[in-house]
Amino acid sequence: MTETDRPAAPAATEAAAAETAAVLAGIGQRIRALRLARALTLQELAERTALSVSMLSLLERGRTGPSISTLVVVASALGTQMGELLAPPAARGEGPVSRRADQRVFVDGNGVRRRVLKDDDSLGIEVSLIDYAPGPSGADDQMTHEGHEFGVVLAGRIEVMLGSRTYTLNEGDLISYRSDEPHRVVNTEPETARALWLNIRKGQE
């Protein structure tokens, strides 16, 4: 049996589950805080997002893992960026170093694990390291938001759908596109894929 064939140790599995639960709880707390700060009821937020009240309630209580597209929709309805839901302002300092311990991790229900390496509001830049579980994994639907994106594949292979076009990217390949163009990223391969993504929210015009 090789190292890669060995199942995860129970302690490691429990640690990952605990980290995931903590991340989901943090996201839910920030959604609720922003909703209350804007004097919105769950019903009003549901109407703005086309999500059910029960789904939003589960999100706020950290009982479900939202997809990236869901977070984008909720963030937009709350008048903020997705990064605001993933990490509180205090964790997104302006210092030159982003420590791993301070980086927020988001795990959704579609096999996508996103580590926000840096989210600089002053520059309008977000850098994320994303792991896509063995396929099929990735966003359910195409999404749009503000900005421009650059992605480079570090390991494995991913498919990027831009409108009606599909691009297959292998290790070392880079893709860039306007974020207001409908897009979706998936991994259809039997191995985990990893990519580094840079989103520039400003200067799109």
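General remarks:
- For the stretch 72-89, the set of residues classified as of a type in the set (Gly, Ala, Ser), modelled with pLDDT under 85 and either within 18 Å of Glu19 (Cβ to Cβ) or surrounded by fewer than 19 Cβ atoms within 10 Å (Cβ to Cβ) (or both) consists of Gly79, Ala87, listed by residue number.
- Considering residues of the stretch 118-138 that are in a strand (DSSP E or B) and more than 16 Å from Glu84 (Cβ to Cβ) only, the residue nearest to the chain's Cα centre (by Cα): Ile130
- Residues being surrounded by 13 or more Cβ atoms within 10 Å (Cβ to Cβ), out of contact with any strand residue (DSSP E or B) (no Cβ under 9 Å at 6 or more places or on another chain) and within 25 Å of Val116 (Cα to Cα) - total across the stretch 27-50: 9
- Hey, Ile125 farther than 30 Å from Leu42 by Cβ, touching a Gly at 6+ places or on another chain (Cβ under 8 Å) and at pLDDT 80 or above or not: no
- The residues of the stretch 90-107 that are at pLDDT below 80 and over 17 Å from the mean Cα position of the chain (by Cα), listed by number, are Ala90, Gly93, Glu94, Gly95, Ala101.
- Filtered residues of the stretch 103-152 (kept if crowded, with 18+ Cβ neighbours inside 10 Å, under 22 Å from Glu171 (Cα atoms) and of a type in the set (D, E, K, R)): Arg113, Arg114, Glu126, Asp131, Glu149
- Breaking point among (1) among the hydroxyl-bearing types (Ser, Thr, Tyr); (2) loosely packed, with under 15 Cβ neighbours inside 10 Å; (3) within 17 Å of the chain's Cα centre (by Cα), for Ser69: (2)
- Identity of the residue in the stretch 158-205, in contact (Cβ under 8 Å) with a residue 24 or more places away in the chain, of a type in the set (Val, Ile, Thr) and part of a strand (DSSP E or B), that ends up surrounded by the most Cβ atoms within 10 Å (Cβ to Cβ): Ile158
- Summed over the stretch 32-71, residues that are part of a helix (DSSP H, G or I) and either at pLDDT 90 or above or among the hydroxyl-bearing types (Ser, Thr, Tyr) (or both) total 19.
- Scanning the stretch 139-157 for residues that are of a type in the set (A, V, I, L, M, F, W, C) and part of a strand (DSSP E or B), we see that the one that is farthest from Arg201 (Cα to Cα) is Ala155.
The values are calculated or read from the model by the stated rules, or taken from the named source; none is laboratory data. Nothing here was measured: the structure is a model prediction, and the numbers come from that model. Here the Cβ is made from the backbone with ideal geometry for all residues, glycine too, and neighbour counts use every protein chain on show.
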